[in-house]
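Colleague: Quick one: the structure is below, questions incoming.
The values are calculated or read from the model by the stated rules, or taken from the named source; none is laboratory data. This one's a predicted model, so the numbers in the text were calculated from it and none came from an experiment. Counting neighbours? That spans all protein chains shown, and the Cβs are built from the backbone with ideal geometry, glycine included.
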Ligand SMILES: [Ca+2]
Ligand SMILES: [Ca+2]
């Protein structure tokens, strides 16, 4: 009986962990070069970016400069990793709708959309797209980085998948050993 429950539970847990592991992705890597306002900036190769599912105060509204300065501090002249909305890709004015990540340390990236929310600089505006702002975490674990991110995106994803499957295999083996020892 115990085994039956366990054998049903393991695939469910694996699916959950797969979902968590791939809840974010890098669709493009570029450099931010000019901040337009608290939720919009230009990049050197991907054009204008609109942060997904958040809204910053408009020019003339209270908090406009706070949001703009904060976004400037987070992204200007830095490498930005873009998770582009897979459903609509662009919004009004052809801007790419993205969750934006920047380097945090050797193991983690920081979610800029979430950082602005936590600072109170922007508000959630949850559009119908691939993102759910209520599930964002400030930091995400860095995937294996390729030598040249702009041309080697597929290899980066492939390495991440191999790494993930290897971890799943190890966890499954540990669970099986634990179950067998209990019997
Ligand atoms: Ca995406
Ligand atoms: Ca959304």
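Colleague: I'd like the full set of residues that are within 16 Å of ligand 1 (Cβ to nearest atom), over 16 Å from residue 23 (Cα atoms) and in a loop (DSSP other than H, G, I, E, B), limited to the stretch 71-120.
Modeller: Once the filter is applied, which keeps residues that are within 16 Å of ligand 1 (Cβ to nearest atom), over 16 Å from residue 23 (Cα atoms) and in a loop (DSSP other than H, G, I, E, B), the stretch 71-120 yields 88, 89, 91, 95.
Colleague: Just a yes or no: is a residue in the stretch 136-151 in a strand (DSSP E or B), surrounded by 19 or more Cβ atoms within 10 Å (Cβ to Cβ) and within 14 Å of ligand 1 (Cβ to nearest atom)?
Modeller: yes
Colleague: Right, another one. Could you pull out the residue among 45, 66 that is touching a residue at least 12 places away in the same chain (Cβ under 8 Å) and part of a loop (DSSP other than H, G, I, E, B)?
Modeller: Exactly one of 45, 66 is touching a residue at least 12 places away in the same chain (Cβ under 8 Å) and part of a loop (DSSP other than H, G, I, E, B), namely 45.
Colleague: Would the stretch 122-131 turn up any residue that is within 16 Å of ligand 2 (Cβ to nearest atom), within 15 Å of residue 32 (Cα to Cα) and modelled with pLDDT of 95 or more?
Modeller: No, the stretch 122-131 has no match at all.
Colleague: While we're on this one: Is it the case, given these coordinates, that residue 61 is away from ligand 1 (no atom under 16 Å from the Cβ), part of a loop (DSSP other than H, G, I, E, B) and over 24 Å from residue 137 (Cβ atoms)?
Modeller: The answer is yes for residue 61.
Conditions (1) under 22 Å from residue 142 (Cα atoms); (2) more than 16 Å from ligand 2 (Cβ to nearest atom); (3) modelled with pLDDT under 95; (4) exposed (fewer than 15 other Cβ atoms within 10 Å of the Cβ), marked per residue:
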| residue | (1), (2), (3), (4) |
| --- | --- |
| 17 | yes, yes, yes, yes |
| 28 | yes, yes, no, no |
| 35 | no, yes, no, no |
| 80 | yes, yes, no, no |
| 87 | no, no, no, yes |
| 98 | yes, no, no, no |
